[in-house]
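The values are calculated or read from the model by the stated rules, or taken from the named source; none is laboratory data. Since the structure is predicted, the reported quantities are computational estimates derived from the model, not experimental observations. Cβ atoms come from the backbone with ideal geometry, glycine included; neighbour counts cover every protein chain shown.
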Amino acid sequence: MTLPVLRPHPLAPARNGHQADPLRELAQLQQHMNQLFTSLLGSDPLSTTAGTWTPLADITEVDDAYLVEIDVPGVDRKHVTVEVTGTQLRVSGEIVEKEKVGWLRHRTRRVGQFAHHTLLPADIDSDHISADLADGVLTVRVPKTETARPRRITVNAG
């Protein structure tokens, strides 16, 4: 059985007689959460400034291929590079910031350099990889080799 972790109230006196600092604890918690997000996503989720960041992606396996779908809203296809070396797929590019008219009051859209790297299984046909960009999603289709595709085997009656 797991017991809950009990912590003193933030305003309660600490054991050594000193008052706890809730603002310092909140700043430490935010720093810790940013480090966790950076380690998981490869970028600071709160950063919207130019810099290399990792876009969100899904990798799906279908009978004849692997599909890598990467969210890159606002990117122009001429600013995207898709490369494969062995079994490593590298997608990189840039979302160019548009010229703004007026005062920018708040920004949450990402701009700047991005990169997504993934390892694929060894059973890929790298000569027939295709990439399509539509509605802010880059879809990279990585076909499987003939030997990796599922085959239906006929069962004979004995």
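Under the condition of being out of contact with any Gly (no Cβ under 9 Å at 6 or more places or on another chain), among the polar types (S, T, N, Q) and modelled with pLDDT of 90 or more, which residue from the stretch 101-144 is farthest from Asp63 (Cα to Cα)? Among residues in the stretch 101-144 that are out of contact with any Gly (no Cβ under 9 Å at 6 or more places or on another chain), among the polar types (S, T, N, Q) and modelled with pLDDT of 90 or more, the one farthest from Asp63 (Cα to Cα) is Thr118. The set of residues from the stretch 63-103 being of a type in the set (Asp, Glu) and under 19 Å from Val137 (Cα atoms) comprises Glu69, Asp71, Asp76, Glu83, Glu94, Glu97. Number of residues in the stretch 99-127 that are aromatic (Phe, Trp, Tyr) and in contact with a strand residue (DSSP E or B) (Cβ under 7 Å, 6 or more places away or on another chain): the value is 1.
Of the strands (runs of 3 or more DSSP E) contained entirely in the stretch 55-117, those carrying at least 1 residues that are touching a helix residue (DSSP H, G or I) at 6+ places or on another chain (Cβ under 7 Å) fall at 80-85, 88-95. Could you tell me whether any residue of the stretch 82-99 is polar (S, T, N, Q), touching an Asp or Glu at 6+ places or on another chain (Cβ under 7 Å) and either modelled with pLDDT of 80 or more or farther than 30 Å from Arg151 by Cα (or both)? Among the residues of the stretch 82-99, not one is polar (S, T, N, Q), touching an Asp or Glu at 6+ places or on another chain (Cβ under 7 Å) and either modelled with pLDDT of 80 or more or farther than 30 Å from Arg151 by Cα (or both), which makes the answer no. Please work out which residue is farthest from Gly74 (Cα to Cα), limiting yourself to the stretch 118-143 and to residues that are acidic (Asp, Glu) and either touching a residue at least 60 places away in the same chain (Cβ under 8 Å) or outside any loop (DSSP other than H, G, I, E, B) (or both). Among residues in the stretch 118-143 that are acidic (Asp, Glu) and either touching a residue at least 60 places away in the same chain (Cβ under 8 Å) or outside any loop (DSSP other than H, G, I, E, B) (or both), the one farthest from Gly74 (Cα to Cα) is Asp127.
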